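Inspection log for the structure reproduced underneath, given as structure tokens.
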Amino acid sequence: MFSTLKGRDIISINELTPAEINSIVKLALELKKKPQPNLLAGKVMGSCFFEPSTRTRLSFETAMQRLGGKVVGFADAGVTSAKKGETLYDSIKIVGQYVDVVAMRHPLEGAARRAAEATDKPVINGGDGANQHPTQTLLDLMSIKETQGKLNNLSIAMMGDLKYGRTVHSLAQALTHFNARLYFIAPPSLAMPEYLLTELREKGIKFSVHESFENIIPKLDVLYMTRIQGERFPDQMEYNRVKDVYRLTVADLKNAKKNLRILHPLPRVNEIDYAVDKTPHAYYFEQAENGLYARQALLALVLNAI
Amino acid sequence: MIQQTGTLLVSAIKNGTVIDHAKAGSALKILSILGVENHDNVVTIGMHLPSKTSGKKDIIKLANWEITPSKANLTAIFSPSAVINIIKDFKVVKKYQVELSEIISGLVVCPNPKCITNNESMDSLFHTQKNKQGVSLKCHYCERTFKQEDIKEYHRA
């Protein structure tokens, strides 16, 4: 199928072409409809999580097993030789000799790219600090395609913590390929970083910046919400000031378009009222499920099984 | 650089390298990047000297030390306008403008403390970009982009 992904490291969403993104999303949707339980039989994935993660790690591991592959690995750097002072480079070089593909998460930024230099086996980045998390973006795009029937020419708002949230940065960058109209809703202290806005301007993407969401909702196809991440705040007082600034309720969706879907990378705290879960607009739990298929598609493509 | 009285503000050298037309205020950074403290030759610098073309400039004279073009080009991170003069017997035998390399390896310390390059024994690697504001450097690993004034530390060249 799409041979350019064969053997490739998937480190940053910016390295994928629109055609490659489309091929991953297409295969993910196919695998959701029609499971392929023997596609990766005989293959082994190294699941190297140097930092705790539940959704990403479990969905990578389940993805591999649902395709008939096997998984070895660790869920905490404390059990590895990193504790004895081994470099990441050496650790991954060794793991690469045992497995066919490495899925990894690491607290340091750039760790996945460094790991990719240590082994010829494909390395898939499951998050490197505040830098990149490409499989999250792929499952976000898959959810958008699934609910809207297309990726092109959609009106998409991102709301909440747009400063520290890496998912919204990567998604905004990926959407530059698909001519989206973007709305950024955030308090000024959590606004989208200027370098990203410059990048969007250079690529001719239409966007606007807002502090409140009430007037925006009726225009949207997708509302992408994020949690205000307390742990990223240098100043606790500032956190207390903005933590409850957005709280989406059923009443806010009164004038929403029928096709509006609400996405959220999860976990949520209180930014989406639980009553919203029952509306047809809520799609965040299906989105999390899609992580399984997006990661299956990526594993199948880098291992050239399709 | 001649004062109105006819004396040089920064004395002439017989042999070596003169880095002229460096951006005003960049001399100390350039010295740091060249690892001048490891040499025992005479080094003279002038900062904020009057310049016909740019108003103010810095100048560095390295006696008995002919720097290689690859080393000279490192100064372009801070001063893309710098001109290198190689001096032999008080005469300029070679003169060229520095060129910004597309890639700078193992020299600049990434200002992001959470970058893998600051936590593992390895070379840093930056992709340079020239724009209206000056030079920016994008870390190959943590993917962050820095302006030249964000760069505070170097591994010695």
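Report the residue count in segment B:133-157 for those that are more than 12 Å from every other protein chain (Cβ to nearest Cβ) and outside any strand (DSSP E or B).
9
Take A:Ala116 and decide whether it is buried (at least 24 other Cβ atoms within 10 Å of the Cβ), more than 21 Å from A:Asn259 (Cβ to Cβ) and within 13 Å of another protein chain (Cβ to nearest Cβ).
So A:Ala116 fails the test.
Please find, within segment A:168-193, the residue that is farthest from the chain's Cα centre (by Cα) out of those that are hydroxyl-bearing (Ser, Thr, Tyr) and farther than 21 Å from A:Leu138 by Cβ.
A:Ser189
In this structure, does A:Ile13 turn out to be within 14 Å of chain B (Cβ to nearest Cβ), in contact (Cβ under 8 Å) with a residue 60 or more places away in the chain and either out of contact with any Asp or Glu (no Cβ under 6 Å at 6 or more places or on another chain) or farther than 20 Å from A:Gly129 by Cβ (or both)?
Against the criterion (within 14 Å of chain B (Cβ to nearest Cβ), in contact (Cβ under 8 Å) with a residue 60 or more places away in the chain and either out of contact with any Asp or Glu (no Cβ under 6 Å at 6 or more places or on another chain) or farther than 20 Å from A:Gly129 by Cβ (or both)), A:Ile13 qualifies.
When you scan segment B:81-104, how many residues do you find that are hydroxyl-bearing (Ser, Thr, Tyr) and either over 30 Å from B:Met122 (Cα atoms) or loosely packed, with under 12 Cβ neighbours inside 10 Å (or both)?
2
Considering segment A:185-199 alone, what residues qualify as being within 14 Å of chain B (Cβ to nearest Cβ) and part of a loop (DSSP other than H, G, I, E, B)?
Residue satisfying the conditions is A:Pro193 alone.
Going by what's in this entry, would A:Leu200 be described as in contact with a Phe, Trp or Tyr (Cβ under 9 Å, 6 or more places away or on another chain) and closer than 24 Å to A:Pro267 by Cα?
no
Can you tell me how many residues in segment B:135-145 are more than 16 Å from B:Ile116 (Cα to Cα) and not hydroxyl-bearing (Ser, Thr, Tyr)?
Residues in segment B:135-145 being more than 16 Å from B:Ile116 (Cα to Cα) and not hydroxyl-bearing (Ser, Thr, Tyr): 2 in total.
Taking segment A:181-194, which residues are touching a strand residue (DSSP E or B) at 6+ places or on another chain (Cβ under 6 Å) and either of a type in the set (A, V, I, L, M, F, W, C) or over 19 Å from A:Leu151 (Cβ atoms) (or both)?
A:Leu182, A:Phe184, A:Ile185, A:Met192, listed by residue number.
Only one of A:Gly85, A:Gly160, A:Gly110, A:Gly149 is without any contact (Cβ under 8 Å) to a residue 40 or more places away in the chain and in the same structural domain as A:Ile228 (by the TED database); which?
A:Gly149
Considering only segment A:200-219, I want to know if a residue exists there that is assigned to a helix (DSSP H, G or I), modelled with pLDDT of 95 or more, out of contact with any helix residue (DSSP H, G or I) (no Cβ under 7 Å at 6 or more places or on another chain) and closer than 26 Å to A:Ala28 by Cβ.
No, segment A:200-219 contains no residue that is assigned to a helix (DSSP H, G or I), modelled with pLDDT of 95 or more, out of contact with any helix residue (DSSP H, G or I) (no Cβ under 7 Å at 6 or more places or on another chain) and closer than 26 Å to A:Ala28 by Cβ.
The values are calculated or read from the model by the stated rules, or taken from the named source; none is laboratory data. Just so it is clear, the model here is predicted, and its values are computed rather than measured. Reconstructed Cβ throughout: ideal geometry from the backbone, glycine too, with neighbour counts over all protein chains shown.
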